[in-house]
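The values are calculated or read from the model by the stated rules, or taken from the named source; none is laboratory data. Only a predicted model underlies this, so the values are computations on that prediction, with no experimental measurement involved. We place every Cβ from the backbone using ideal geometry, glycine too, and count neighbours over all the protein chains shown. Surface accessibility is based on the protein's heavy atoms, side chains included, excluding ligands, DNA and RNA. Shrake-Rupley method; radii C 1.70, N 1.55, O 1.52, S 1.80 Å.
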Amino acid sequence: MTRRSVLPCLAAALLAGCTSVKITENFGDAKVEAGAEPLAAVEIENSSWLLLDFIPIASGDPEHPNRNCCRWFRNTATLETNVKLLGAEMKRRGATRCANVTSRWTDEKALVILLARRAYHTSAVILKDPK
């Protein structure tokens, strides 16, 4: 790959949307908890590009998930941001609680140690208690 092709690919990666909220409502016959109605399974990913592994270049925009927009020179890829996105999805669907909540982060290096992509992943099943 030549330099001419690396720079446009890098620019496209930086400009791509970095926050995503994926939802599935297909549970089949699975029961999550007795007495609770599962509304959806939620997968949240928020990523950030870092220079030298600590200087933020671009991060996902949690105000506009699933869109091609970024926050420049800020690191929004945090557990706090993912929990806020989970809370917003619960409120939007009328959920009363969530179960099976897991969070983790991944770290990928690009251009040896110059660039890093860090992503926080949070998944949960949101539930609605019977009245």
* **Hits in the stretch 48-78 - residues which are open to solvent by 80 Å² or more (accessible area, probe 1.4 Å) and touching a residue at least 24 places away in the same chain (Cβ under 8 Å)** => 52, 66, 67, 68
* To do: Hey, could you check the stretch 35-47 for residues that are over 16 Å from residue 122 (Cα atoms) and out of contact with any helix residue (DSSP H, G or I) (no Cβ under 8 Å at 6 or more places or on another chain) and say which is least open to solvent (accessible area, probe 1.4 Å)?
  => 36
* Structure fact -> Picking from 127, 86, the residue that is more than 24 Å from residue 53 (Cβ to Cβ), within 13 Å of the chain's Cα centre (by Cα) and of a type outside the set (D, E, K, R) would be 86
